[in-house]
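Contents: one structure, followed by commentary.
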Amino acid sequence: MMYRIREARADDMPQVLHLIQELASFEKEVNAVEVSSEDLIRDGFGNEKLFQCFVAETDDSIVGMALVYPRYSTWKGPVIHLEDLIVTEQMRGSGLGSALLTEVVKYGNSLGVKRISWEVLDWNEPAITFYEKKGARVMRDWDVVQLDEKGMQAFLENR
């Protein structure tokens, strides 16, 4: 199946949200997605653009996406974070993931960033193998740390 990679548009966000929900289901977090299409449109295409999104489309639908945003490393300088690289199940193995990752790397290179970073679940061996084959270093000795809204509130209440 033929596809093309392009920068996302605001009117793509309902299909992008569908991909995000598909990923959440794959990661066994089906109820974790709180963001709406409207949030994605505001945050990606409003006055203060918080992310850059690339989509892969066929003639009739969006079948993959990659969403990145800027970060800053105190060791390296400017970097970008790849929040999600999603390929629909029927398109896996088609080269689409490689094409999306290539677009992200080209984008990072054009910005002059020092690193592109992202997370992968430790049980997602196909993704880990894919990333390692592309030259990425999977740092298995690091743990992801997060404070969600509830955690932030509890932190502030108990300080």
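Read the figures in this text as sums done on the coordinates, not as results from a lab. This structure is a prediction, so every number in the text was calculated from the model and none was measured. Neighbour counts run over all protein chains shown; Cβ positions are idealised from the backbone, glycine included.
Applying a DSSP loop filter and a limit of 14 other Cβ atoms within 10 Å to the trypsin sites (Lys or Arg not before Pro) in the stretch 103-135 leaves Lys114, Arg115, Lys134.
Which residue fluctuates the most in the chain, going by a Gaussian network model with Cα springs under 10 Å, if the choices are Pro70, Pro126, Pro78? Looking only at Pro70, Pro126, Pro78, the biggest GNM fluctuation is shown by Pro126. Restricting the stretch 49-94 to trypsin sites (Lys or Arg not before Pro) that sit in a DSSP loop and have at most 16 other Cβ atoms within 10 Å of their own Cβ leaves Lys49, Lys76, Arg92. Relative to one another, the C-alpha centroids of the stretch 35-79 and the stretch 89-159 are positioned 13 Å apart. Here the extension length gained between Ser25 and Asp39 equals 3.0 nm, from 0.36 nm per residue of separation less the Cα-Cα distance. Using C-alpha pairs under 8 Å with a sequence gap of at least 6, the mean separation divided by the residue count of the chain gives a relative contact order of 18 percent. Describe numerically, in nm with one decimal, the distance between label points set 7 Å from Cα along Cα→Cβ at Asn158 and at Glu125. Label at Asn158, label at Glu125, 3.7 nm between them.
For the stretch 1-50, applying the loop criterion from DSSP together with a ceiling of 16 other beta carbons within 10 Å to the GluC sites (Glu not before Pro) yields Glu27, Glu29, Glu34, Glu48.
Dipole magnitude for the stretch 4-118: about 780 debye, using +1 per Lys or Arg Cβ and -1 per Asp or Glu Cβ, origin at the Cα centre. Of the residues Gly44, Thr74, Val104, the one whose Cα sits farthest toward the positive end of the charge dipole of the chain, with +1 on the Cβ of Lys and Arg and -1 on the Cβ of Asp and Glu, is Thr74.
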